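S.K.: Just passing along the structure, written as structure tokens.
Taken together, the values in this text are just the output of simple stated rules run on the coordinates, not laboratory data. From a predicted model like this one, the values you see are computed outputs, not experimental measurements.
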């Protein structure tokens, strides 16, 4: 039995989400069909189901890695904000998030809550914070030398 329209939709959705190009797709199809064909349209229901399951596991791993990376970047933002004196340990978490959100809105015009920033957006914020911290430390060093 040939694959279904629903399977076709899911298969191509997964391929797109994972960034798998046509050459790699054909290689995968070739593998899942036991070297019978490179065309996904010629896959059987069972072959397509197997390929979809593998792609879903791959996507799940990728999404977990992405979430872990975003969490690591968010912790880095907190640390840098502490370093430059924008946050202090007396603040509760909602207050800290409010300060970070205000800073992000002011600096980048991101119209998102801190927890929903992408890795690229968090990377931009971290790069800016490193620059601010470097300038902050240089200013403190000059003050110490002057006194």
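S.K.: Please give the calculated 222 nm ellipticity per residue for the chain, where each DSSP H segment of at least 4 residues contributes -39500 (n - 2.57) and the sum is spread over every residue; nearest 500 deg cm²/dmol?
M.R.: Working: 5 runs with 108 residues, N = 147.
Per the formula, -25500 deg cm²/dmol.
S.K.: Angle, helix 93-108 long axis vs. longest principal axis of the chain, Cα atoms, 0 to 90°, nearest 10?
M.R.: So the inclination is approximately 80 degrees.
S.K.: Now for a different question. Which value in Å does the Kirkwood hydrodynamic radius of segment 66-146 take, with 1/r averaged over all unlike C-alpha pairs and then inverted?
M.R.: Details: mean 1/r = 0.0749 Å⁻¹.
It is 13.3 Å.
S.K.: Considering the chain as a Gaussian network with a 10 Å cut-off on Cα pairs, which listed residue, 89, 60, 50, attains the greatest mean-square fluctuation?
M.R.: Comparing 89, 60, 50 in the GNM, the peak value goes to 89.
S.K.: Moving on to the next point. Using only Cα atoms, locate the centre of segment 97-127 and the centre of segment 1-58, then give the distance between them in Å, rounded to an integer.
M.R.: 38
S.K.: Helix 45-83: angle to the longest alpha-carbon principal axis of the chain, degrees 0 to 90, nearest 10?
M.R.: Tilt relative to the chain: about 0 degrees.
S.K.: Could you state the angle between the C-alpha long axis of helix 119-146 and the longest principal axis of the C-alpha atoms of the chain, as a value from 0 to 90 degrees rounded to the nearest 10?
M.R.: Relative to the chain, helix 119-146 is tipped by roughly 20 degrees.
S.K.: For Cα extents along the principal axes in Å, the listed values are [x] 64, 28, 25; [y] 53, 30, 22; [z] 82, 30, 24; which was obtained by calculation from the structure presented?
M.R.: Structure-derived value, by its label: [z].
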